[in-house]
Structure formats: C-alpha cells, structure tokens
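Only the coordinates and a few stated rules stand behind these numbers; no lab work does. Owing to the predicted nature of the structure, the values given are computational and were not obtained by experimental measurement. Note that we place each Cβ from the backbone using ideal geometry, even for glycine, and neighbour counts take in every protein chain shown.
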Amino acid sequence: MAAKRLRLRYDGICSGCRESLPAGTRAWWDGDARAITCLRCRPAPDAETNPPSTDQAGAGDPADEPPDAIATGQAGWSAADEHEKRHRRREERIDRRWGRLAGVIKFFSDDPQSIQAWAKGAKGERRLGERLERELGDRAVVLHDRKVPRTRGNIDHIVVAASGVWVIDTKAYKGRVEQRDRGGVLKTDLRLFVGRRDKTKLAESLGWQIDAVRAALGDLEAPVRAVLCFVGGEWKYFSKPFEQSGAWVTWPAKLVDMALGPGTLNDDQVQAIARRIETALPPAAPTA
C-alpha cells in the first residue's frame, strides 16, 4: 500500500526527525509500516496542487488511517511536580516566619537536599526518556511516568519491544555502581553499591511495579523485566549489566541494547501490549 498524504486525525511523531505532529497537520501516512512522516522529511510532490479528498480527516478507507496516538506521557513529570510543591511549601513557610525579610532569606538560602533531589531525579528521567525515544525510534513503544491506580507510586518508563516489556526505574546517583559480595567464606551475599552506599533496597523495591504491569497485561503474554537504570553513575571498564534481587542493573546505552535484543513479539503484539498498558496505567502528566 502506497503512503498517502493526509491530515492527521490524532497527534503523532514523525518517523524521521521524531518531531511531534499535532492533529490536523498534513503528513504522510504509510499504512503498511504504520508510520507517520512529516512534510519536511518527505516533501509533497511539486505537481500535487489539488490534493485528493481522501486527505480530509475521517475520509478514505478506515484501515488506511493512522490509529489513535498512544499517550506516551511526559518523562519526569511526577518528580518535577513534587519538587515544585515542596519548593513552594518551603517558600510559604519562610514567608510566614520572616515577613518582609522573606525575600532576603530566600535569596541567601537554597532548598535543602531533600527538595533538590526531586529536581535532580526529574532531570535524570527526562534525559533517559529522550535517549530511549531517540535510539529506540519506531522499533519500540516508550511510555513515560505512568500512574498506578490505587497507589501513590508511579513507574518512570516502560519500553515495549520485540524483546518484551521493560519496566524501568531511573536513578540519577553519583558514584561507582557495582555488585559486591558481602558474604563470608561459606556464604554468598550479593549487594548493590553506589559508591560507598549499599543501595540493594532499590532493586528489591521494584517488585510492585512488575506486579502492576503484569496485572495491566491481563491475558496478553509477554516477558516482563525490571530494570534499575543509573543515569550519571560510574562503571568499571568492561562492566556488564547484572541482576540484583530480580532486577537488571544497568546504564542508558546498555539498556537500549538490551531492549533491542531478539524477541518473539511482532509489531501487532507490541502495539496491543502498549495500548493495554496505556489504558491500565495512564500517564501522570495532565493531558489537554
């Protein structure tokens, strides 16, 4: 089936430059590849002065029209929102206590580390989200910052690819990431360390996220893997991802390689799984 130029009925992303294309934009739709291409990446022929009527939204064969765009979410939105709330509450406390001097206090003091950590986390999630979208391209569906109903928690990223479903928790920690054996001569006790800090509990705490995704899949079958991805961490030369408490511990470039590994899911299955997760675990960021 040849690609056709039409007005998009739903928001989409160009398969070439990865720019967002809002509904109503003229673009190319390839029904076979299920891909949208903007007119900058693929200009319309100069001779086409009177586009056919099928380029109107809702016209033509429904099977040829682009599907509803998946609400992929906004990476780091929850962390950024929490940072803003905590920052605002701190400034309100300063206003109540210091009155006219509040401006001076704010100017000469910074938010405590407990507040700054939320901004740092949001930045790390955005960096990883952008990299996943850029390097996975149309070979996977990347969902960001998903709410888990009946909980206060969220899932930073979910990647659906031929290799399966990857449930990703992002950490913007500094220090060398490594696995150490803290057991004795007759006992093995593998622990996750970041610098001098034992962070094994980070991997242990991912079980509820895996449970939430598996519940969202329902009767759809796919491998589901937990990932703890350190953005900005340090690694030894020739390091490899390792498993800790049932979760993979890795870094962004290697995570992309893992997600693009071989698998059994075809394109239709990937789309069906992504849509099931999108519905069950909606994006945390408000939608227009």
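With Cα atoms defining each centre, region 249-288 and region 100-167 are spaced 16 Å apart in the structure. Net charge dipole, the chain: roughly 1820 debye, given to the nearest 20, about the Cα centre with Cβ charges of +1 for Lys and Arg and -1 for Asp and Glu.
Residue-wise HN-Hα couplings along region 229-241, as the Karplus relation 6.51 cos²θ - 1.76 cosθ + 1.60 with θ = phi - 60° gives them from phi, are 10, 9, 9, x, x, 9, 9, 5, 4, 6, 5, 10, x Hz; Gly and Pro carry x. Within the straight-line cut-off of under 17 Å between alpha carbons, the lysines reachable from Lys236 are Lys174, Lys254, sequence neighbours fewer than 8 places apart in one chain being disregarded.
In region 128-280, a dipole from Cβ-located charges (positive for Lys and Arg, negative for Asp and Glu) runs towards its positive end, and of Ile277, Ala215, Ser239 it is Ser239 whose Cα lies farthest in that direction. Once both labels are positioned 7 Å from their Cα atoms along Cα-to-Cβ, the gap between Arg176 and Arg100 label points is 5.6 nm.
Can you tell me how much longer the chain between Glu243 and Asp219 gets when fully stretched, taken as 0.36 nm per residue apart minus their C-alpha distance, in nm with one decimal? It would help to have the intermediate numbers written out before the result.
Details: separation 24, 0.36 × 24 = 8.64 nm, distance 2.71 nm.
Length gained between Glu243 and Asp219: 5.9 nm.
Only Cα pairs under 8 Å and at least 6 apart count here; give the relative contact order of region 59-207 as a rounded whole percent. Present the calculation step by step, with values, prior to reporting the outcome.
Values: 162 pairs, mean separation 27.1, N = 149.
Result for region 59-207 is 18 percent.
Among the chymotrypsin sites (Phe, Trp or Tyr not before Pro) within region 97-130, those in coil by DSSP and having at most 12 neighbouring Cβ atoms inside 10 Å are Phe108. Taking the chain, the Cys residues with no second Cys beta-carbon under 4.7 angstrom are Cys17, Cys41, Cys229. With a ≥ b ≥ c taken as the square roots of the eigenvalues of the C-alpha gyration tensor of the chain, please select rounded if a/c is under 1.5 and otherwise prolate if a/b is larger than b/c or oblate if it is not? Oblate is the answer for the chain, as a/c is 1.5 or above yet b/c matches or exceeds a/b.
Among beta bridges identified by DSSP and lying wholly in the chain, the antiparallel ones come to about 75 percent.
Once you've got the Cα coordinates, tell me which of Lys187/Lys240; Lys147/Lys240; Lys201/Lys240; Lys106/Lys147 are over 27 Å apart. Going by Cα-Cα distance, Lys147/Lys240; Lys106/Lys147 fall outside the 27 Å limit. Taking +1 at the Cβ of each Lys and Arg and -1 at the Cβ of each Asp and Glu, which of Ala122, Ala226, Pro43 sits farthest along the dipole of the chain towards its positive end, judged by Cα position relative to the Cα centre? The Cα lying farthest towards the positive end belongs to Ala122.
Under a model in which nothing but the beta-carbon of Lys, Arg (+1) and Asp, Glu (-1) is charged, region 128-280 shows a dipole of about 800 debye around its Cα centre.
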